[in-house]
Amino acid sequence: MCGISGIVQLQGPSEQLPFILKNMNDKLRHRGPDDEGFTLFQDENAHCFSGQDTPISSVESKFTFAPKAPIESAFEQSFQFGFGHRRLAIIDLSAGGHQPMCLEENKRLWITLNGEIYNYIELRTELRSFGYTFQTESDVEVVLVAYQHWGTECLTHFNGMWSFVLYDMDKNHLFGARDRLGVKPLYYLQNEQHFAFASEQKALLEVPSYSRAVNLDAMLPFLLYGQVELQSEGFFKNLFELKPGHFFTFDLSNSKLKTERYFELIATNKNQAFHTTAFEETKKLTRQMIKDAVRIRFRSDVPIGFCLSGGLDSSTIVCTAAEIAKEESISSLKNGINAFTASNDSALDESSWAKQIVDHTNAEWHNIKVDSSTLVEDIQQLIYFQDIPLATTSTYAQSRVMRAAHEQGISILIDGQGGDELYAGYQTFYYSYLNQLFKSFEWKTWYNELRSLENSPVTMKELFVAFLKINLSKFPAIIRASLSKQWKSETNLISPKFLQSNAKKVQFHGEFRSDSLNQRLKSYCTETYLKALLRWEDRCSMHYSIESRTPFSDDINLITSAFLFPANYKIRNGWSKYILRESIKGLVPESIRLRKDKKGFSIPQNKWLMEQEEAFFELFQLLKHLDTHHLVQKEMIELNWKVFFSDLKHSKEQDLIFRYVCYLSWLKQFIFPQQESSLA
């Protein structure tokens, strides 16, 4: 797990390139404090340099990719392009894991990689059968050899999470790729002077040809819905995200960039009759695949811990880990199972459920109490490490969990992110399933599911509202506008001029689309929803130099198999995640397995905002002048501040104001950092 960066000078070699690359790499230090390296290229000659954090073992190693001199010695030399790397040492802690890396036998392939290829041992064995040899124990070397053997098809062989850029001297191009569902990030920019890439946008801001600016197209979906990075171009104008499941090639001879999708999730959409025998076999297979996915993510040379919310997904992973630990000797679990939970003083607190799993598995429990006391002061730092404004305060709680793990010396946390999207854990999925049954004339099953709602967190009233929203597009415009205003009352806080110019973006953001269940799940996994959750998690964990592993989001076997299951394996007799619940019977305590409520990673956001309204108001007053685009009606917000923060009936307005204040703080840190302010 690391931070990667790189830059190409498009108008010939430059003496400035090493200096720029060092600045980019410095911005990623939190992602990899254990080692750093640089490789600069000119006329197919590679020159390797060290940095301040490069250990002496890397400098003194005999590998071709070992740094030969400090990066500062390159400042007055001209190069066409270069790679930078920040290493968080997880697998092969020796100098054999130093990056950027090349193959010892083929010095014409170079790579800078962020992530983990969990099946690297099996791939290494397979590649050895083809005659290849290996000089290190690193999974990075396996990626290089896999590319040498399979070319771009190597991506289909990887089980894991990754973003990397590889330089192929023979083809004279850069090949960059990102994992299937977007666990690991990769951003890039291209203008007349530079092509550059990095793990985080803040590194790209160091490219001198880039002019900082807001992408206004991203703002209305964020303010109204908390949606981020819906398109490749996110909050920063002219900075782009490589989408999950895609790769790019950048031709160094003509500066042509081409992106291409390599992974398409195949979903079963047709209704199928429920056959008990077939289901029993699938249930056993699911249990085994989850066990295999968790076990392979134990591959590590550093300690591993677990995020534990008390929900079904994280509980499944912790209990599976405990089962494996009883059966096998796992070096990364030699200190036992360390579970980390965020708790709060509210009705949303799930720590009592987490405690049941702790007692069941004899785990070492780290229960982190979070409240609003440091919310405002922490937000500034959180936004810096996220690169974008916060959408909710749950990021604050998640960050506290990562910090606690870091303080305990944990370098890896395994999390349950993605289970809801694979197995249908959210309320909205009921609406899609019931609509699928109704439209396909499966009325008997449809009626049975309605009668079984007591097993779900969904009410008949919520179903009725969902039906209206599903069919909103069929209403006359005047009725549609009226309903929209009622459901999104906070829209009144948006500046009328800005709202009018972005009217097409004011819509229900897909929560109630009438797709089939699996198609709805596919959109959650491959469009923006899961990607956003993984994004928050990546930045929270890497802020504290922790690698977050998410079996439900990056195990190719779990992902592809789940979308071959028919809808009635996922919702049945009112139960969500039916196949998952049945597969873990006897593994997880029944009280957890049969939980009917659905809270997710919930915190009392509006309670916290009301507790800290004075501090937020002070921040609003301090920074409101930075919004030169006048996205909201500042006077209305200011005049009604006390009213909005008086009780929970204004929770929607509170949420929007919170996002807006975070946007102002983002402007201060990233768009106008040179402006004077008393902001700490």
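The values are calculated or read from the model by the stated rules, or taken from the named source; none is laboratory data. Not measured: the values here are computed from a predicted model. Counting neighbours? That spans all protein chains shown, and the Cβs are built from the backbone with ideal geometry, glycine included.
Values computed for the structure shown
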| read-out | value |
| --- | --- |
| Criterion: within 23 Å of the chain's Cα centre (by Cα), surrounded by fewer than 18 Cβ atoms within 10 Å (Cβ to Cβ) and either of a type in the set (S, T, N, Q) or under 24 Å from LEU155 (Cβ atoms) (or both) - qualifying residue of SER255, SER232 | SER232 |
| Condition check for GLU327: out of contact with any helix residue (DSSP H, G or I) (no Cβ under 9 Å at 6 or more places or on another chain), over 30 Å from SER665 (Cα atoms) and surrounded by fewer than 22 Cβ atoms within 10 Å (Cβ to Cβ) | yes |
| Test for ASP43: is it surrounded by fewer than 15 Cβ atoms within 10 Å (Cβ to Cβ) and either touching a residue at least 12 places away in the same chain (Cβ under 8 Å) or more than 25 Å from MET402 (Cβ to Cβ) (or both) | yes |
| Residue within the stretch 201-212 that is among the small types (Gly, Ala, Ser), modelled with pLDDT of 95 or more and in contact with a Lys or Arg (Cβ under 6 Å, 6 or more places away or on another chain) present | yes |
| Total residues in the stretch 48-106, condition in contact (Cβ under 8 Å) with a residue 24 or more places away in the chain, part of a strand (DSSP E or B) and small (Gly, Ala, Ser) | 2 |
| In the stretch 618-661, residue modelled with the lowest pLDDT [restricted to those that are of a type in the set (D, E, K, R) and in a loop (DSSP other than H, G, I, E, B)] | ASP647 |
| Test: residue in the stretch 519-530 that is within 11 Å of the chain's Cα centre (by Cα), farther than 28 Å from VAL661 by Cα, of a type in the set (Val, Ile, Thr) and modelled with pLDDT of 85 or more | no |
| The stretch 15-47: number of residues that are under 21 Å from LEU166 (Cβ atoms) and in a strand (DSSP E or B) | 11 |
| Counted residues, the stretch 334-352 - those being part of a helix (DSSP H, G or I) and more than 25 Å from the chain's Cα centre (by Cα) | 1 |
| Answer residue from the stretch 430-448, given it is in contact (Cβ under 8 Å) with a residue 12 or more places away in the chain and part of a loop (DSSP other than H, G, I, E, B) and is nearest to VAL183 (Cα to Cα) among those | SER440 |
| Residue match in the stretch 625-643 (condition: surrounded by fewer than 19 Cβ atoms within 10 Å (Cβ to Cβ) and of a type in the set (Lys, Arg)) | yes |
| Lone qualifier among LYS22, LYS68 - being more than 33 Å from the chain's Cα centre (by Cα) and of a type in the set (Lys, Arg) | LYS68 |
| Condition check for VAL302: in the same structural domain as GLN417 (by TED's automatic domain parsing) and either at negative phi or without any contact (Cβ under 8 Å) to a residue 40 or more places away in the chain (or both) | yes |
| Answer residue from the stretch 1-22, given it is touching a helix residue (DSSP H, G or I) at 6+ places or on another chain (Cβ under 8 Å) and of a type in the set (S, T, N, Q) and is nearest to SER199 (Cα to Cα) among those | SER5 |
| Matching option when the condition is more than 28 Å from the chain's Cα centre (by Cα) and surrounded by fewer than 23 Cβ atoms within 10 Å (Cβ to Cβ), among THR152, THR125 | THR125 |
| Selection count, the stretch 202-227, where residues are polar (S, T, N, Q) and in contact with a Pro (Cβ under 9 Å, 6 or more places away or on another chain) | 1 |
| Test set (1) of a type in the set (S, T, N, Q); (2) in a loop (DSSP other than H, G, I, E, B); (3) surrounded by fewer than 18 Cβ atoms within 10 Å (Cβ to Cβ); (4) on the phi < 0 side of the Ramachandran plot - GLN227 fails condition number | (3) |
| Selection within the stretch 405-429 - surrounded by fewer than 23 Cβ atoms within 10 Å (Cβ to Cβ) and assigned to a helix (DSSP H, G or I) | HIS406, GLU407, THR428 |
| Identity of the residue in the stretch 353-385, among the polar types (S, T, N, Q) and not in a loop (DSSP other than H, G, I, E, B), that ends up nearest to the chain's Cα centre (by Cα) | GLN381 |
| Meets criteria (assigned to a helix (DSSP H, G or I), surrounded by fewer than 19 Cβ atoms within 10 Å (Cβ to Cβ) and either not assigned by TED's automatic domain parsing to the domain that holds ASP387 or not basic (Lys, Arg) (or both)) for LEU667 | no |
| Long-range neighbours under 9 Å by Cβ, at least six apart or interchain, first residue over 17 Å from GLN427 (Cβ atoms) and of a type in the set (Phe, Trp, Tyr) within the stretch 498-521, second at pLDDT 55 or above and in a helix (DSSP H, G or I) | PHE498/LEU216; PHE498/MET219; PHE498/LEU220 |
| Qualifying residue in the stretch 650-658 (condition: without any contact (Cβ under 8 Å) to a residue 60 or more places away in the chain, polar (S, T, N, Q) and under 24 Å from SER372 (Cβ atoms)) | yes |
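Conditions tested, residue by residue: (1) outside the structural domain of ARG29 (by TED's automatic domain parsing); (2) assigned to a loop (DSSP other than H, G, I, E, B); (3) crowded, with 24+ Cβ neighbours inside 10 Å.
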site	(1), (2), (3)
THR156	no, no, no
TRP162	no, no, no
ASP170	no, yes, no
ALA177	no, no, yes
GLU192	no, yes, no
PHE197	no, no, yes
LYS202	no, no, no
